[in-house]
Amino acid sequence: MPKVGAASPAVASVGDDLLGDIFLRLPDTAVLARAALACKRWRRVASDPALLRRFHSLHGPPPLLGFVMSGPPPRLFSVEGPDR
Amino acid sequence: MEVDKGKGEAEETRKVAEADRDTVTLKSSDGKLFEVSKEAAARLSTVLAGMIAGGSIDDNGTDLKQIGSEALENVVDYCNKHANSIPSAALISSSISFNTAPFKEPEEWERKFVDRLSHDALFDLVEAANFLGMERLLDVTCHKISEMMKGKSPDQIREVFNIKNDYTKEELEEIRQELAWAFYDD
């Protein structure tokens, strides 16, 4: 991995739409959830309802739990954990 | 060059020659010129296809002010490598179904193509691919970036992508508890 300088604007320069395109390639919601914790912008992009719909249409419906977006406060995921 | 040839005639000859060219010349934001196969450019980039069809290609170098020379070189390199590898029908159908179909896995040479890129070059290329409407290259570059997130903690993701953590400790803890299931080893 090439070393990135502290001031590297690489990720910051990528717009929300492109960032969403990148997130759509993630293999499952667990990786998406960890990405969403990187910073607020990433969480906002990752929890966009349109993106989540596409994510689930690409990767299949969420098992047991999914993203619950209804009602304030906005939550990226449902509070319940998986049944394991 | 012939001295006595009428100017109009010479111009006419030049125009015919340009129309017959099988390459197009692209100019980066910093003024560098790159030649790319017209067929590959039209097949791989919806934007370049539109410009070629619409006659807005400049023979002296079509200005692509949004794309720096390093990214444009990679775009051209990709087009040239791609020139004979995928039939256009497959590409057309994959771009039409872009919104719903699972993404196609990159081919081996495409993996190698993006693996050798620096971090910044990769992000510049993803933006160039997006700007030029190159669905396949967008697929390949986005796939590569998404792979850099797999199996990593939020801390590691921040480190890889040089992201500043703008959550407070309390916010982070709250969300982390909500998302506890996402932190199982996988």
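The values are calculated or read from the model by the stated rules, or taken from the named source; none is laboratory data. Computed from a predicted structure; not experimentally measured. Cβ atoms come from the backbone with ideal geometry, glycine included; neighbour counts cover every protein chain shown.
In the set (1) within 8 Å of the chain's Cα centre (by Cα); (2) at the interface with another protein chain (Cβ under 7 Å from one of its Cβ atoms), A:Pro27 fails one condition alone, (1).
Scanning the stretch B:105-138 for residues that are more than 9 Å from chain A (Cβ to nearest Cβ), part of a loop (DSSP other than H, G, I, E, B) and touching a helix residue (DSSP H, G or I) at 6+ places or on another chain (Cβ under 8 Å) yields a total of 5. Applying the selection to the stretch B:160-186, what residues are touching a Ser or Thr at 6+ places or on another chain (Cβ under 8 Å) and either modelled with pLDDT of 90 or more or in a loop (DSSP other than H, G, I, E, B) (or both)? Of everything in the stretch B:160-186, just one residue is touching a Ser or Thr at 6+ places or on another chain (Cβ under 8 Å) and either modelled with pLDDT of 90 or more or in a loop (DSSP other than H, G, I, E, B) (or both), namely B:Asn162. The residues listed here are A:Ala12, A:Ala7; of these, the one that is over 16 Å from B:Lys150 (Cα atoms) and at pLDDT below 50 is A:Ala7. Would you please name the residue that is farthest from A:Asp17 (Cα to Cα), looking only at residues in the stretch A:59-69 that are modelled with pLDDT of 55 or more and surrounded by 15 or more Cβ atoms within 10 Å (Cβ to Cβ)? If we take residues in the stretch A:59-69 being modelled with pLDDT of 55 or more and surrounded by 15 or more Cβ atoms within 10 Å (Cβ to Cβ), then A:Pro62 is farthest from A:Asp17 (Cα to Cα).
In this structure, B:Lys81 qualifies as at pLDDT below 95 and not in a loop (DSSP other than H, G, I, E, B). Of the residues that make up the stretch B:162-180, is at least one touching a residue at least 24 places away in the same chain (Cβ under 8 Å), under 18 Å from A:Ala30 (Cα atoms) and more than 7 Å from chain A (Cβ to nearest Cβ)? No, the stretch B:162-180 contains no residue that is touching a residue at least 24 places away in the same chain (Cβ under 8 Å), under 18 Å from A:Ala30 (Cα atoms) and more than 7 Å from chain A (Cβ to nearest Cβ). On the stretch given as the stretch B:139-159, residues that are within 7 Å of chain A (Cβ to nearest Cβ) and either under 30 Å from B:Leu72 (Cα atoms) or part of a helix (DSSP H, G or I) (or both) total 9.
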